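A quick write-up on the structure given underneath.
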Amino acid sequence: MKHKIIYILTTIFLITSCANREQITVDFKTVPLPRSIEYTKGEAFFNLTKSTSIVYEEGNERMQIVAELLSQYLKQNTGIELQISTDNKKENAIILQNTLKHDNTEAYELTVSKTNIIINGASEAGIFYGVQTLRKAIFQPQIGEARHQPVVSKVEIPLCTILDFPQFKHRGAMLDVSRHFFDVQFVKKYIDVLALFNMNVFHWHLTDDQGWRIEIKKHPKLTEIGSKRTETAIDRHSEEYDGTPYGGYYTQEEIKEVVKYAQDRFITIIPEIDIPGHTLAVLTSYPNLGCTGGPYQVGRGWGIYEDVLCAGNDEVFNFLDDVFSEIATLFPSAYIHIGGDECVKNRWMACPKCKKRIKEEGIKADAQHSEGELLQSYFIKRVDKIIAKNGKKLIGWDEILEGGIAPNATIMSWRGTEGGQIAAGNGHDVIMTSEAYVYLDYYQSDSADEPYTFGWLTPLKKVYSFDPIPKDLAKDKQQHILGAQVNVWVEYIKTGADVEYMLLPRMAALAETLWSYPTEKNYKEFVSRMYKQSFLLDYLDYKNSKASYNIEAEYEYDTENKRVQISLFNFKDAPMHYSLNNTDVISYDAPIIAPVDSLHILRATSVPQKDYPEQQFERIFSINKATVCPITLKYAPDAKYTFKGAITLVDGQAGNPVSYRTGSWIGFSGTDMEATIKLKPQTEISSFDINVFVNTRGNLFDAKSIEIEVSDDGKIFSSLAKETYPITAEHIKPQVVKHSLEFTKTKTNYIRIKMEAYKILPDWHEKVGGNSLLMIDEIVVK
Ligand code: TNX
């Protein structure tokens, strides 16, 4: 009997849960958003069932591949497997065509009528993007459920016409496979997700100091020796290593397999062989190619190495000729990327062969260029000839502008958009990859739970706000901006899952930026569409960040009245409730204005919606006598480390213990620090403390001394306490140093904190003479 009840209950459960899945509501508002969607009036639908077929033009191999992919995608998303045919069937079919007349070769038109769906592309690529749109539209998010294969017998597709095409022709994503290696299977998974968002370029960063990752038949040591390192640095600037040998490379057969895989998805692979810097793996394999002859060691740590390819040795250019001719044969791309970034010139300037070259070439420094830069320009121009001889065009990072750009070069502008703007102004093609917007090795939220990264904060919204066309670039030069790409550098990203997490959803934000015109973009709507697509990403087993779907808060500090105004948002506009300090739960309808003294724990939740479960948010404040008091700084913080400025020091939030680059610390470069805080009303104080982020390899030094002064009128200050700290005479591990000063109880209106900085990097430091940074947060006065 008992069994029977369980049996009945399970049956009911199965029926209902299947019934839930029997419905798929098609939504064409995908990412990127199709340019125009016009629905046909009326209630009718096209019914996609297992008797629907996919029809393509006989003999068109590329179309056949697209048809097969469409069949796979639909099976994945619905469980329905469609037959593929070339039989000219017009009814109950998804028909692929390539007869659309459109200026943009990647355009497509998708027409859903009662009898069929026609995806008509201006080229096969256009058809492919139509297929991606259809695929993304037909997926039903199952909120709160585990991944499952949806099982439906029919999908009702609303009648409509979509016309769609991209703004930019270079829509890319780079993956570094040198610092960490990712196997063919993962690279294909990476390519798949580019295709999902209509990206069409995969920039494959195949070589760097820490490993050469592509087989070159003529120079086998590149992989025998150069693909392996003895161990790997732990985090950044720690000078600690994990003791574990590391390596990996792709054979030429594997490369061909990946090239074909990408081609089938209308993705061009641009290979990068990074020279003349970032070449320690080459030099370790063939020490004769360096200025000093070695010995060299494949890079175990991160950053920039001084050893680079010798510019005075003709063997180097013969070697590059061999390498690039194999690369040119393997990759059908019109472009080869030759790197060119971060090439230190020290070795060249001390090398007899390089000096001879400088003399022979009549290189002379001028007002704009050093000899080293001009030698670099000579190097790149010679490589440009090698690339051209192999029938390809050269791309280089914006450093190749220094000393004069090679005549045919395309610039990849990473240090902002300025380099790109200059190059475009001079008629060169440009791809924008500004690190502040599209470097995905930076944090995507300021949560302490994020995986360790290089630093800086690049949330989804910032990526979405990127405009590859600089504001003041002349109209007639704008066609030189081919597009943009995200870059995934992987010093700190060790697994495929972590690559996915850093990539998603931020890559999709750039995908839409490159597809849509700026006037068509709307961040809130994008997040809403992206949220839906995130279930497809989950289903396809891509780890992706959900940070931007949660409740977000903005703070405004009113130091005059010692109040904080907190605005809460969620993209769904779901109603929210909040509580302050575990007291009553209040419904949120306007920004919260909280007196500082009352602010300890802020919690907020959103009311569950049909497709948006409850979100939870918490922020803990730590309040002291200086929190949200008026504060002024005598010396300005460094522009890169100003963030929100002085208020950061008294915002009730201690600096993030892991990263000093996400906005919770501020840094002073080459100056002391002096802050004056007005305590209102007159306040009794007896202690002070502050944290200093010390990372000597990153130029961050402790304070030399701290002095506390007080004043009643804000004009005449007298010293209350002073402490001096030992001078740092060698590198120390990155750490947060806390300084506490205690003094006799004193009533005062003003407190002034003077921190003496090193200002200049000391003699023993690699960058002696440069500015040191004093990185501080949070001022605590008790
Ligand atoms: C700079 S961008 C680099 C890379 C690093 C990256 C870390 C560029 C051309 N060079 O070698 O991996 O910064 O963000």
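Each value in this text was obtained by applying a stated rule to the coordinates, not by laboratory testing. Note that the coordinates shown come from a computational prediction; the quantities given were computed from them, not determined experimentally. In this analysis, Cβ positions are derived from the backbone assuming ideal geometry, glycine residues included, and neighbour counts consider all displayed protein chains.
Here is the tail figure for segment 427-581: Cα pairs spaced more than 23 Å apart come to 47 percent of all pairs.
Helical runs assigned H by DSSP (4 residues or longer) give the chain a calculated mean residue ellipticity at 222 nm of -7500 deg cm²/dmol, each run adding -39500 (n - 2.57) before division by the residue total.
When a footprinting reagent is the concern and you count Cβ atoms within 10 Å, what order do TRP515, TRP764 take, fewest first?
Ascending Cβ contact count within 10 Å gives the list TRP764, TRP515.
If you find the alpha carbon centre of segment 449-521 and of segment 185-251, how far apart are they in angstrom? Centre-to-centre distance over Cα atoms comes out at 22 Å. Taking 1.002 mPa s as the viscosity and 20 °C as the temperature, the Stokes-Einstein diffusion coefficient of segment 627-782 based on its alpha-carbon Kirkwood radius rounds to 136 µm²/s. For the peptides 676-684, 321-329, 589-597, the ranking by packing is 321-329, 676-684, 589-597, with the highest mean count of neighbouring Cβ atoms within 10 Å listed first.
Taking 7 Å steps out from each Cα toward its Cβ at ALA365 and GLU525 produces label points 5.5 nm apart. The reciprocal of the average 1/r between distinct C-alpha atoms defines the Kirkwood hydrodynamic radius, which for segment 232-370 equals 17.4 Å. Of the trypsin sites (Lys or Arg not before Pro) found in segment 359-396, those in coil by DSSP whose Cβ has at most 11 other Cβ atoms within 10 Å are LYS364.
Other residues with beta-carbon under 10 Å from the beta-carbon of MET775 carry, at +1 per Lys or Arg and -1 per Asp or Glu, a net charge of -2.
Computed over segment 142-294, the convex hull of the alpha-carbon atoms projects to a mean area of 15.1 nm².
In terms of packing, defined here as the mean over residues of other Cβ atoms within 10 angstrom, the peptides 36-44, 771-779 line up highest first as 771-779, 36-44.
From the Kirkwood radius over Cα pairs of the chain, Stokes-Einstein at 37 °C and 0.692 mPa s returns a whole-number translational diffusion coefficient of 111 µm²/s. To the nearest µm²/s, what D does Stokes-Einstein give for segment 566-694 at 20 °C and 1.002 mPa s, using the Kirkwood radius over alpha carbon pairs as Rh? The calculation lands on 125 µm²/s.
When peptides 481-492, 519-530 are ranked by their average number of other Cβ atoms within 10 Å per residue, the highest-first order is 481-492, 519-530. When only alpha carbons are used to place a centre, segment 568-587 and segment 315-357 end up 58 Å from one another. Normalising by residue count, segment 373-447 has a Cα convex hull of 97 Å³ per residue.
Exposure proxy for VAL151, VAL607, VAL259: other Cβ atoms within 10 Å of each Cβ, ordered fewest to most, give VAL151, VAL607, VAL259.
The Cα center of segment 387-431 and the Cα center of segment 108-137 differ in position by 36 Å.
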